[in-house]
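The values are calculated or read from the model by the stated rules, or taken from the named source; none is laboratory data. Since we're looking at a predicted model, the values are computed, not measured. As a convention, Cβ positions derive from the backbone with ideal geometry for all residues, glycine included, and neighbour counts pool all protein chains shown. Surface areas here come from the heavy atoms of the whole protein model, side chains and all, with no ligands, DNA or RNA. Shrake-Rupley method; radii C 1.70, N 1.55, O 1.52, S 1.80 Å.
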Amino acid sequence: MVFGIYGVANLLFFSTHFLLLLLMPGICIALPENSKPRSSSLPSSGQISSNSVLVALLDSHYTELAELVEKALLLQTLEETVGSHNITIFAPRNEALERDLDPEFKRFLLEPGNLRSLQTLLKFHIIPTRIGSDKLPSRTESTRHETLSNDHLHLSGNGSGEWTVNRAKVINPNAVNRPDGVIHGIECLLVPQSVQDDFNRRRSLRSITAVKPEGAPEVDPRTHRLKKPAPPAEPGSSPALPISDALAPGPSLAPAPAPGPGGPHHHFNGAAQVKDFIQTLLHYGGYNEMADILVNLTSLATEMGRLVSEGYVLTVLAPNDEAMAKLTTDQLSEPGAPEQIMYYHLIPEYQTEESMYNAVRRFGKVRYDTLRLPHKVDAQEADGSVKFGQGDGSAYLFDPDIYTDGRISVQGIDGVLFPPEEVEATPVDKMVQPAKVAVKPRRGKLLEVTCQMLGAFGQDSRFSTCQ
């Protein structure tokens with residue numbers, strides 16, 4: 001429908017109603033402060049231009065940085081930023097993110113729970129202002145610029161055409177130049193202090209939760225109390241123990257024994273830790289059969305919880321579902337067969353992927369004890385990984401460190417392990433030995449005559465020798 005305004009009367013009618021709309025309370029009409037059009041890389045449809053600096057970043061040789069931007073879900077935020085003003089991106093080279101970066105720090109950034117730290121780290125490399133090579137400090141001076149993470153970067157020059165950004169050298173200025181931004185290549189990653197503090201806090205908490213095994217508590221025979229580190233004593237202070245106690249100590253007490261099975265003093269909550277690692281197997285995916293055997297088919301989960309509660313540590317070699325599917329009915333139908341199979345996959349040591357790989361690299365072949373006594377499982381290096389077992393029954397370390405809490409370590413393998421069968425070597429030409437016949441012991445001649453004389457009188461039954 002098309003509306004038209006004809007004549008002076010209609011024009012006055014329209015103008016009057018428009019003024020009334022302006023004077024009505026509760027209705028605000030925002031007028032632009034500057035009518036001059038602003039250059040933007042975003043067209044009216046909201047899609048980013050093909051000549052944008054973001055498209056150039058995704059297509060550039062800074063592939064590691066582009067991959068981190070996509071994992072951090074920052075593309076939408078950066079599109080909005082580019083639509084408002086030009087930006088400057090300091091892009092670390094790929095080697096700085098692949099080889100030079102601490103693996104533990106990179107693992108921390110890629111964890112789903114640390115998405116905010118990853119976003120803060122990437123925003124720290126972006127300044128919402130265009131700073132080309134012509135605007136970089138030319139002399140020995142330093143300029144301060146605010147980044148998208150609300151932190152500040154310091155740009156400085158040495159007077160010879162070289163620049164640094166927070167101690168990171170600018171190795172490729174103006175690597176990518178677009179109408180809405182510029183990218184400078186730098187030699188290393190820039191880490192804001194807030195992200196570094198989060199990483200240090202998470203690393204300290206992880207070291208606290210990984211409790212080392214402890215033995216029986218040690219008792220001081222003089223005080224009859226648990227030994228504790230003595231606080232620092234000031235010079236000239238009174239002795240911690242009375243002189244009489246030192247001269248005439250009481251009866252010596254043996255150290256308290258380690259908590260036994262079913263004891264009232266449990267240092268660790270083994271049931272909770274076993275439940276956590278079984279839930280981790282289920283959420284990790286591909287190890288449902290292993291979890292089902294531990295919980296439903298056997299009572300191994302309960303037994304493992306008791307062992308951990310008593311202070312023991314365990315390393316579980318968990319076969320994946322594909323390996324468990326290859327087990328035959330005969331291997332599982334025998335009484336106690338599932339338990340024996342699982343016992344051979346439980347190592348009474350705390351081993352991680354790094355410790356086992358370092359051991360096989362150093363010693364070549366390592367034999368680990370299992371809960372299926374007296375059998376042991378062999379480990380050796382193969383194809384840059386750890387190989388368990390020998391021959392066709394071998395398995396490789398497939399998913400390392402699925403669960404590690406300092407007490408229980410779960411390592412995923414791609415096969416089910418069986419102890420080597422004890423085959424007795426028999427010679428080909430086996431000589432047939434004559435059968436041994438038990439010969440009754442012969443009695444002496446004098447004893448036979450005596451027995452005959454006693455038999456004549458009917459007295460031979462009294463002597464066992466004559467029977």
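Couple of notes before you dig in:
- Full extension of the segment from R139 to L454, taken as 0.36 nm per residue of separation minus the current Cα-Cα distance, would add 100.0 nm.
- The apolar share of the surface of the range 47-177, taken as the fraction of accessible area on carbon and sulfur atoms (1.4 Å probe, ligands and nucleic acids excluded), comes to 44 percent.
- For the range 46-117 and the range 177-196, distance of Cα centres in Å: 9 Å
- Note on T329/H283: beta-carbon distance plugged into 1/(1 + (r/R0)^6) with R0 of 41 Å gives a FRET efficiency of 0.90.
- Projecting the Cα atoms of I402, Q351, T328 onto the charge dipole of the range 320-420 (Cβ charges, centred on the Cα centre) puts Q351 farthest toward the positive pole.
- Extension gain, D197-L297: 0.36 nm per intervening residue step, less the Cα-Cα distance, totals 31.4 nm.
- Listed peptides 60-67, 193-200 by packing density, highest first (mean Cβ within 10 Å): 60-67, 193-200
- Globularity index of the range 75-128, i.e. its alpha-carbon radius of gyration over 2.2 N^0.38 Å: 1.29
- Counting heavy atoms of the protein chains alone, S299 has an accessible area of about 60 Å² for a 1.4 Å probe.
- Exceeding the 32 Å Cα-Cα cut-off - candidates K326/K376; K123/K387; K123/K275; K106/K326; K71/K169; K275/K387: K123/K387; K123/K275; K106/K326
- Were the residues from E234 through L73 laid out at 0.36 nm apart, the gain over their Cα-Cα distance would be 52.2 nm.
- Largest to smallest in accessible area, the residues C188, C451 fall in the order C188, C451 (1.4 Å probe, all protein chains included).
- In the range 128-211, one over the average inverse separation of all distinct C-alpha pairs is 14.8 Å, which is the Kirkwood hydrodynamic radius.
- Summed residue charge, Cβ within 12 Å of N166's Cβ, Lys/Arg positive, Asp/Glu negative: +1
- Förster-model FRET efficiency, 25 Å R0, R361 and D392, C-beta, rounded to 0.05: 0.55
- Rg and Dmax, both from the Cα atoms of the range 266-321 and both in Å, are 11.1, 34.
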